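The structure under discussion appears below in the form of structure tokens.
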Amino acid sequence: MAPTPPIVALKGAQITLGATTLFENVDIAIGRGDKVCLVGRNGSGKSTLLKALAGLVDLDKGERYIQPGARIGYLHQEPDFSGHATVADFVRAGQVEDAPYRVEAVLDELSLPGDRAAATLSGGEARRAAIAQALVSDPDVLLMDEPTNHLDLPTIEYLEKALQSFRGGLLLISHDRAFLNTLARRTLWLDRGSMRETERPFAEYEAWRDEVFAAEDLAFSKLDRKIAVEMKWLREGISARRTRNMGRVRALHGLRKERSDRNRQGQVKLAVSEAESSGRLVIEATHIAKSFANPEGGPEGTRSIVRDFSTRILRGDRVGLIGPNGAGKTTILKMLMGEMAPDSGTIRLGTNLETVVFDQRRAQLDPNQSIRQVLLPFGGDSVVVGGTPRHVASYMRDFLFDPGMLEQPTRALSGGERNRLLLAKLFAQPSNLMVLDEPTNDLDMDTLDLLEEVLSDYPGTLLLVSHDRDFLDRLVTSTIAVEGDGVVEEYAGGYSDYLVQRPARAPATAPKGDAARAAEVPQGGNKPKRKLGYKEQRELDQLPALMDKLGDQAKKLEAKLADATLYTRDPAAFQKASADLDKAHQDLAVAEERWLELEALKEELESGA
């Protein structure tokens, strides 16, 4: 099938910032019906390329083409509300023809009050207003830069449906894999200043990228062999032929430069400082409830955040929290961390907890402090990571910061750089409980992959608030869904598992009074709840101590086997320690399985199921 004629295009595009060429010789064309994503590392020039397509920045070289009369819509990462008194005024400014009903319909879909003062919007509300303006502009091509940042899941799902039915051309920059999997049918990859393109959808991007890297590795291998041959020749005869063979020496330097120039961009190297293990129980919430005074009225003048929710979070669990913005995720997180008391029910925290918190607003970063001051608040030149001192410049490189940025103020960093800096600060602190509130905003996919890998290997406990469905699916072991109206439930697995397991929501009803509750009691009164038998309860009570004992035994054996000279000194002792370690692991697995079995049975009996 012949490609659609382009509505907007760049040919031979090049943009240089200072001494750095962001990209060169880039060709890109977007036609009607195209649904394209643009991927690449943070700082590779994706946003600048999008602005060039929109006509907002000039090219240093190359040409921009746009069909006469075509309208290009552009979603800014940080919209400008100056000159617009209300949200409706801002959204209406995007329209070509006045259609008030269209503005009202989109604002209603995005749950935005049109009479709200534009200057008072939060980050998520500002993003929704910018999306509303883009949608009502009826563009021929829509360019969107990180549209899902700061959006909750219901809004992301609404946006997906709106863009699926959009008939114009669409070009997306996003780190949200699930979003791109749904929408992108063609993939552009801005890689080390050059544009790569495939007709394959984003769902096949990783396979395509790996194919490209495999081909590069083969080319590098051939180049390395050629360099080795040249080096051998030079070592054997250069002293006798120095003058007449300088051309060959220069050729060798050229090969080395080619090899260096083709190296892939640096990769973030993340590692977490581990504290001593916490107790097996980390957090236990029992029948907790919380409500606040409702300024807009409502049942009994209160707004319910959570009603009768219980959970038990154990060492090593990775728990996701999801829900619409404003549903109460932050309140529930504060209660689980012991920072806020429930109105009823109990919260019990485990022992020996050392907690680090990633705040999505990055309040821990002083905008006036330099990177050095953030990483070294007490001075010096070394960051202690996992008990090992690291020079701050070396540690910065792990998070893709040039050492020359040490004295740069935090306020001058991009959103992705601030996220990486906060992760660098937190990961250097020993912890066994990590609370991350929207850590994926502004991170590129490579960094997200590595963050996921590090968190998967983290031996402590993780509480993760995120709207990134793919990140949740890949990482969490259970999901706490904050549905609103006090409905909070926990489901095994990630976001996709939650979608399968959740029941259909019934319409919310007002809390019932004592008379109504009494009318629901069956004749004859409530049946007494069954309990575990004496032996089962005793076994359940004793299992935690047994598991701790087996865990300590395994650690001692692992420390013994870590002695590199043990096998040489005493092979029999090495074999015995290995066998004992295997048995300790097996016994611990059996004990944990039995503990979980008895806990599940206890909850089932007490719930009357």
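The values are calculated or read from the model by the stated rules, or taken from the named source; none is laboratory data. It should be emphasised that the depicted structure is a prediction, and the values quoted were computed from it without experimental measurement. Note that each Cβ is placed from the backbone with ideal geometry, even for glycine, and that neighbours are counted across all protein chains shown. Surface areas here come from the heavy atoms of the whole protein model, side chains and all, with no ligands, DNA or RNA. Shrake-Rupley method; radii C 1.70, N 1.55, O 1.52, S 1.80 Å.
Sorting 9-22, 455-468 by average packing, meaning the other beta carbons within 10 Å per residue, from highest down gives 455-468, 9-22.
When peptides 331-341, 39-49 are sorted by average Cβ neighbour count within 10 Å, with the highest value leading, the order is 39-49, 331-341.
Note: relative contact order over the range 6-207, using C-alpha pairs below 8 Å and six or more positions apart, is 29 percent. Per-residue surface analysis assigns Lys556 an accessible area of about 150 Å², computed on protein heavy atoms at 1.4 Å probe radius. Could you tell me which of rounded, prolate or oblate describes the range 95-172, using a ≥ b ≥ c as the square roots of the eigenvalues of the alpha-carbon gyration tensor, with rounded for a/c under 1.5 and, failing that, prolate when a/b is larger than b/c and oblate otherwise? Oblate, since a/c reaches 1.5 and b/c is not below a/b. Under the combined filter of DSSP loop state and at most 13 neighbouring Cβ atoms within 10 Å, the range 159-211 retains these trypsin sites (Lys or Arg not before Pro): Arg167.
Quick one: divide the alpha-carbon radius of gyration of the range 376-469 by 2.2 N^0.38 Å and tell me what you get. All intermediate terms of the calculation are to be shown ahead of the outcome.
Numbers: Rg = 13.7 Å, N = 94, 2.2 N^0.38 = 12.4 Å.
Taking N as the residue count of the range 376-469, the ratio is 1.11.
The accessible-area ordering, largest first, of the residues Met547, Met405 stands as Met405, Met547, per a 1.4 angstrom probe. Radius of gyration over Kirkwood radius for the range 310-501, both on Cα atoms: the Rg/Rh ratio is 0.98. Most simply put, the range 310-501 has about 40% antiparallel DSSP beta bridges, counting only bridges with both residues inside it. Would you mind calculating the relative contact order of the range 310-501 from Cα pairs under 8 angstrom and at least 6 residues apart, reporting the percent as a whole number? Relative contact order, the range 310-501: 33 percent. Its Cα gyration tensor gives the range 1-123 an equivalent ellipsoid; the semi-axes, largest first and in whole Å, are 32, 20, 13. For the peptides 77-84, 348-355, 370-377, 476-483, the ranking by packing is 476-483, 370-377, 348-355, 77-84, with the highest mean count of neighbouring Cβ atoms within 10 Å listed first.
Rounded, prolate or oblate, given the Cα gyration tensor of the range 6-207, with a/c below 1.5 counting as rounded? Prolate shape, in that a/c is at least 1.5 and a/b is the bigger ratio.
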